[in-house]
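First the structure, in the form of structure tokens, and then the observations on it.
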Amino acid sequence: MASAPDRGPAPEDRGRGARHTVAPWLVVLAVVLISLNLRPGASSVGPVLDEVRQGLGMSSTTAGLLTALPGFAFGAVGALAVGLSRRVGMTMGICLGLVAIVAGLLLRVTSGSTVLFLVFSTVALAGMAVGNVLVPAWVKRHSRDGGVRLMSLYGAGLILGGAVGSALAAPLTAAPGGWRTALGTYGVLASLALLPWLVLARREFRASRGQPAAFFPPNARLTGSPTALALTLLFGVQSMNAYVQFGWLPQIYRDAGLSAVHAGALLSLLTLLGVIGGLTMPTVIDRATTLAPHITVMGALLIAGYAGLLVAPATVPWLWAGMLGLSGFAFPMAIGLITARTRDPHVTAQLSGFVQPVGYVLAGLGPLVVGAIYGAAGDWTVVLWLLMASGVVMVLAGLRVARHVYVDDELAAG
């Protein structure tokens, strides 16, 4: 097996021992805070969408674009994040992403223009996309255990942050300022996440002064890695299912006769189960000889959950939501595999920048396609059969990444 080439120090490593002078508590704090702030700016819009539309005079078509914007922004901008890190380093790149999040979330609630609201939303989502791609690579670089513990916190924080952002948005509209206060709150919280990253960036900048510029390897041809391709498909299919569930599961339940409150509670159950997956899956990845049984069970649960919604959606609705929530463990698995299936943090960054943009484009397309099919068919039969079929695709892709194979090795062999 060919040995890995010497890639030279990254900006974070330019000072001798710079990587190991960062206090562990600061690393943990930084990862936890950013994970909690990479989703609320997106997930908080849906619950107050009617208020936003009325306040800005937004058309239904524009509102539909707004709901699809996170997936497309995560995909388009995420593809550029690795290039940004080449210029400024991973830590500074994450800082810039957080600045964009804070600025976008705060500025959009001060505007009375639909166009400016969309522009500033895009700025905030662009910052989130940068964090999506670079944080796993940053964790890989700053972990002594390959990222197991930090990725557990990161994965759980992503899910929890999205859930809290969605759950608290509507209640916050009762405060003075209404929906503007509700959405602006998440900009203030994101500014708190920026503080430890500014400290980290300052320390690493001081450690790198006077050192030669780091050598960054060229973009790897990840299309030559079967593991990278399979992981991209796994992430994409799972993300598509997640966004479809977030967007349409309550409507499926309401069409079956459940109340809006009951349907919302079932979606919360699904989401909270994902937090458990975020905390556990990186450890499972690290300790399991093969992930084949786990991904097979997740796929079976996904198919069974949709089958239950097709046959008897209102009979034991908590069971179907629970099955779908447990199948959602595939999301933290896919996120964890980005670090677990790479050795070099540079390859981690490139893999993250390859896998996530495609996945989030699918995530953006999924709810739109589902809505179109539902509107044309008038019921959920065709949609649920197609979603069941996606469970088969997810398992096949997952089985390819179930073994302990490193993308670095596949690229070297190619």
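The values are calculated or read from the model by the stated rules, or taken from the named source; none is laboratory data. Computed from a predicted model, the values in this text were never measured in an experiment. FYI the Cβ positions are ideal-geometry reconstructions off the backbone, even for glycines, and counts take in every protein chain you see. For accessibility, only protein heavy atoms count, side chains too; no ligands or nucleic acids. Shrake-Rupley method; radii C 1.70, N 1.55, O 1.52, S 1.80 Å.
Points worth noting:
- Taking the criterion of being at pLDDT below 75, open to solvent by less than 60 Å² (accessible area, probe 1.4 Å) and farther than 30 Å from Val407 by Cα, the only residue of segment 188-225 that qualifies is Ala207.
- Residue in segment 236-243 that is hydroxyl-bearing (Ser, Thr, Tyr), more than 23 Å from Gly131 (Cα to Cα) and crowded, with 24+ Cβ neighbours inside 10 Å present: no
- Given (1) under 30 Å from Val82 (Cα atoms); (2) surrounded by 24 or more Cβ atoms within 10 Å (Cβ to Cβ); (3) of a type in the set (A, V, I, L, M, F, W, C), index of the condition Val284 fails: (2)
- Taken as a whole, the structure leaves Gly112 outside the set of residues that are modelled with pLDDT under 95 and in contact with a Pro (Cβ under 8 Å, 6 or more places away or on another chain).
- Verdict on Leu266 being open to solvent by 20 Å² or more (accessible area, probe 1.4 Å) and at pLDDT 85 or above: no
- Residue count for segment 226-263 satisfying the condition of being small (Gly, Ala, Ser) and either within 15 Å of the chain's Cα centre (by Cα) or modelled with pLDDT under 90 (or both): 7.
- Filter result (in contact (Cβ under 8 Å) with a residue 24 or more places away in the chain and open to solvent by 50 Å² or more (accessible area, probe 1.4 Å)) within segment 161-175: Val164, Ala167, Leu168
- Residue match in segment 162-185 (condition: within 29 Å of Gly336 (Cβ to Cβ), part of a helix (DSSP H, G or I) and modelled with pLDDT of 90 or more): no
Okay, residues lined up against (1) open to solvent by less than 20 Å² (accessible area, probe 1.4 Å); (2) under 19 Å from Val284 (Cβ atoms); (3) in contact with a Leu (Cβ under 8 Å, 6 or more places away or on another chain):
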{"site": "Gly325", "(1), (2), (3)": "yes, yes, yes"}
{"site": "Ala334", "(1), (2), (3)": "yes, yes, yes"}
{"site": "Leu337", "(1), (2), (3)": "yes, yes, yes"}
{"site": "Leu351", "(1), (2), (3)": "yes, no, yes"}
{"site": "Phe354", "(1), (2), (3)": "no, no, yes"}
{"site": "Gly359", "(1), (2), (3)": "yes, no, no"}
{"site": "Ala389", "(1), (2), (3)": "no, no, no"}
{"site": "Leu399", "(1), (2), (3)": "no, yes, no"}
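- The C-beta contact set for segment 246-259 (first residue under 15 Å from Val316 (Cα atoms) and in contact (Cβ under 8 Å) with a residue 60 or more places away in the chain, second residue open to solvent by 60 Å² or more (accessible area, probe 1.4 Å) and in a helix (DSSP H, G or I), distance under 8 angstrom, 6+ apart or interchain) comprises Tyr253/His262.
- The residue that is least open to solvent (accessible area, probe 1.4 Å), counting only those in segment 287-306 that are more than 20 Å from Gly155 (Cα to Cα) and outside any helix (DSSP H, G or I), is Thr290.
- Among the residues of segment 61-73, just one is open to solvent by 60 Å² or more (accessible area, probe 1.4 Å) and either at pLDDT 85 or above or closer than 19 Å to Arg180 by Cα (or both), namely Thr67.
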